[in-house]
Every structure is written in C-alpha cells, then in structure tokens.
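A short write-up of the structure that comes next.
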C-alpha cells in the first residue's frame with residue numbers, strides 16, 4: 001500500500017512537521033524534523049510503527065486516500 005505523508009514548514013514551531021492523513025486516529029502532526037529529509041525519515045519510521053501496531057493488534061489497516069485527481073496527459 002502507498003500512504004500519503006505531508007511535510008510542511010511550521011513557522012510557529014520552526015521545523016518541518018509531518019502529517020499522515022490516512023491515519024485519522026493519530027494526533028497530527030505526528031512527528032517533525034529540523035530538515036525536510038529528517039522529517040521524511042521520521043515520518044517513515046512513524047508510519048512503519050503504525051502499520052506494525054495495527055498488524056500486531058489485528059486491526060485493519062486504513063485504506064489510502066487519494067488527495068487529488070489523476071490527470072491523463074496525451
């Protein structure tokens with residue numbers, strides 16, 4: 001499955017914050033990083049932990065949502 005990770009700069013926190021919109025039962029933002037790369041790495045780690053937790057507890061994984069439209073280009 002492919003899940004969406006949103007990374008955006010937070011002027012308030014002075015760091016990049018990470019949101020995982022497919023996991024609506026998790027407090028958002030779920031992690032952060034001083035750089036974009038660090039935020040992405042941290043987001044991937046949180047995503048892996050959430051998936052492992054769901055599987056260990058026998059809970060279904062959330063279905064990935066599409067946050068936009070796919071455009072067909074000729």
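Being free of Cβ contacts under 8 Å to residues at least 40 places away in the same chain, in a loop (DSSP other than H, G, I, E, B) and either touching a helix residue (DSSP H, G or I) at 6+ places or on another chain (Cβ under 8 Å) or surrounded by fewer than 14 Cβ atoms within 10 Å (Cβ to Cβ) (or both): is that true of residue 71 here?
Answer is yes for this residue.
I'd like to verify a number: residues in segment 1-25 that are surrounded by fewer than 16 Cβ atoms within 10 Å (Cβ to Cβ), under 17 Å from residue 51 (Cβ atoms) and touching a residue at least 12 places away in the same chain (Cβ under 8 Å), how many?
Total satisfying the criteria: 5.
Have a look at 58, 43 and point out the one that is at pLDDT 95 or above, out of contact with any helix residue (DSSP H, G or I) (no Cβ under 8 Å at 6 or more places or on another chain) and not in a loop (DSSP other than H, G, I, E, B). Give the derivation first.
On the way: 58 fails: not in a loop (DSSP other than H, G, I, E, B).
The unique qualifying residue is 43.
The values are calculated or read from the model by the stated rules, or taken from the named source; none is laboratory data. The model shown is predicted, which means the values in this text are computed figures rather than measured ones. Counting neighbours? That spans all protein chains shown, and the Cβs are built from the backbone with ideal geometry, glycine included.
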